[in-house]
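A quick write-up on the structure given underneath.
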């Protein structure tokens, strides 16, 4: 199944601003963009994990400064796009599974926001890695390319595939779960499991230790790079993308693992597939929120 949300709104003739919010496992980041896709304002808060009600309140708090900016500019809000860390149902109304945000599981988030806050704008929701990939493919590192694979590395590992002008969603709407890819068949270890074990569920702290010269931390990131490289090789061999774009909170320390990932990928792909470029996000921390806003084009 191909994601058609962008097609449905590609001829949108409204002239107001659009909101996008990226709700990740550790932080929420919202942006306000105009019809020329210029980011006018952004705002960020921590993601609460204690209750659904707290999360709803903090979503509202994250976008309120952007609504105030629109009011100041005497502009309307035309739409709200939401990127969320989790697997959605086929209609993209309910969050089925979210390992790092369990309080939102089995929740129809859009309906809850409309009910709680009386928001009447059109709203769409998508997986956060899909939003990251959409943003990078349309306005970021992959702009102008038709085959872009996005990978987010942060609280967990996510991915999305932009192909021929759309996000490829799969038969059930849950394609591109790179985190579930087996990278150790003998022990049935997935990429996500290896990532969490190697980083001890805190990649940022491990990176700090590596920069301070901790040999074990450096070795852990090198091993992570090798595992990621196997994942990259499988992607390249299956999909032959023009570009792999890496983002997420851990992308800032990619020098610790990306070189090893590239080497491992090339060792496990035929030479004619080495044309796939591996690059970091161009849109930075705003990539996911921009991709969410671009659910309405």
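Points worth noting:
- Relative contact order [Cα under 8 Å, 6+ residues apart], the range 144-281, whole percent: 27 percent
- Principal-axis tilt of helix 128-139 within the chain, Cα atoms, nearest 10 degrees: 80 degrees
- Relative intensity, log₁₀ I(q)/I(0), of the range 1-140 from a Debye sum that treats every alpha carbon as a point, q = 0.12, 0.18, 0.19 Å⁻¹: -0.45, -1.08, -1.22
- Projected area averaged over orientations for the range 216-280, convex hull of C-alpha atoms, nm²: 4.0 nm²
- Remark on the range 12-76: Rg and Dmax equal 12.8, 40 Å (Cα only).
- At R0 = 35 Å, FRET efficiency that the Cβ-Cβ distance of residue 68 and residue 172 yields, to 0.05: 0.35
- 0 to 90° range, to nearest 10: angle between helix 52-72 axis and the chain longest Cα axis: 60 degrees
- A Stokes-Einstein calculation at 20 °C with viscosity 1.002 mPa s, built on the Kirkwood radius of the range 144-281 over Cα pairs, returns a diffusion coefficient of 141 µm²/s.
- Over the range 229-275, Cα pairs under 8 Å with separation of 6+ residues give a relative contact order of 67 percent.
- Relative contact order (percent, whole number), the chain, Cα cutoff 8 Å, 6+ residue spacing: 23 percent
- Along its principal axes, the chain has C-alpha extents of 54, 40, 34 angstrom, given from the largest down.
- Distance between the modelled labels on residue 214 and residue 53, one decimal in nanometres: 3.9 nm (7 Å Cα→Cβ projection).
- Helix-derived mean residue ellipticity, 222 nm - over the chain, DSSP H n ≥ 4, -39500 (n - 2.57), to 500: -11000 deg cm²/dmol
- Packing here is the average count of other Cβ atoms within 10 Å per residue, and on that basis the peptides 213-222, 151-160, highest first, run 151-160, 213-222.
- Gaussian network model of the chain, Cα within-10 Å springs - most flexible of 79, 15, 26: 15
- Centroid-to-centroid, using Cα positions, the range 50-121 and the range 236-289 are 30 Å apart.
- Sorted fewest first by neighbouring Cβ atoms within 10 angstrom, 257, 296, 117 come out as 117, 296, 257.
Each value in this text was obtained by applying a stated rule to the coordinates, not by laboratory testing. Remember, it's a predicted structure, so these values are computed and weren't measured experimentally. Because the Cβ atoms are built from the backbone with ideal geometry, glycine has one as well, and the counts that use them run over all protein chains shown.
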